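Below is one structure, written out as structure tokens; comments come after it.
The values are calculated or read from the model by the stated rules, or taken from the named source; none is laboratory data. Please read all numbers here as calculations on a predicted model, not as lab measurements. Note that we place each Cβ from the backbone using ideal geometry, even for glycine, and neighbour counts take in every protein chain shown. We work out accessible area using only protein heavy atoms, side chains counted, and drop any ligands, DNA or RNA first. Shrake-Rupley method; radii C 1.70, N 1.55, O 1.52, S 1.80 Å.
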Amino acid sequence: MHSVKIVYCRPCGYLDRAINLAKDILAYFENIEVTLEQGKNGIFDIYLDGELIFSRYQEKRFPEHEEILKQIGKKVIAL
């Protein structure tokens, strides 16, 4: 089973974004475990099996759900 961790900034109010992304991931993939982790300083990072696949800080934007689903799909199928 693969795992996705979404680290979100709680003080910034990113919890709803994290929950919505987690719902989409869980709806799309069967063998994925999703966890949410509270962070701070504007963080919104997504990890797949411990590897960073998206960082709001690096990209200077929030991810589109479709791009995250595609990245997860590529990794899960390739593994």
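Some values worked out for this structure:
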{"quantity": "Apportionment of accessible area to carbon and sulfur, the chain, percent (1.4 Å)", "calculated": "48 percent"}
{"quantity": "Long-range HN-HN contacts of residue 12 with modeled amide H, under 5 Å", "calculated": "42"}
{"quantity": "Cα-based Rg and Dmax for the chain, where Dmax is the largest Cα-Cα distance (Å)", "calculated": "11.7, 36"}
{"quantity": "Residue 30-residue 65 FRET efficiency (beta carbon distance; Förster radius 22 Å; 0.05 resolution)", "calculated": "0.80"}
{"quantity": "Sum of -39500 (n - 2.57) over DSSP H runs of 4+, divided by residues of the chain (222 nm, nearest 500)", "calculated": "-12000 deg cm²/dmol"}
{"quantity": "5 angstrom amide H check on residue 53, placed H, neighbours 5+ away", "calculated": "46, 47, 48"}
{"quantity": "Whole-Hz couplings from phi, Karplus 6.51/-1.76/1.60, listed for region 40-53; x for Gly and Pro", "calculated": "8, 6, x, 5, 8, 10, 10, 10, 10, 6, x, 9, 5, 10"}
{"quantity": "Mean accessible surface per residue for the chain, computed with a 1.4 Å probe while every protein chain stays in place, in Å²", "calculated": "66 Å²"}
{"quantity": "Calculated FRET efficiency for the pair residue 20/residue 49, C-beta based, R₀ 22 Å, to 0.05", "calculated": "0.50"}
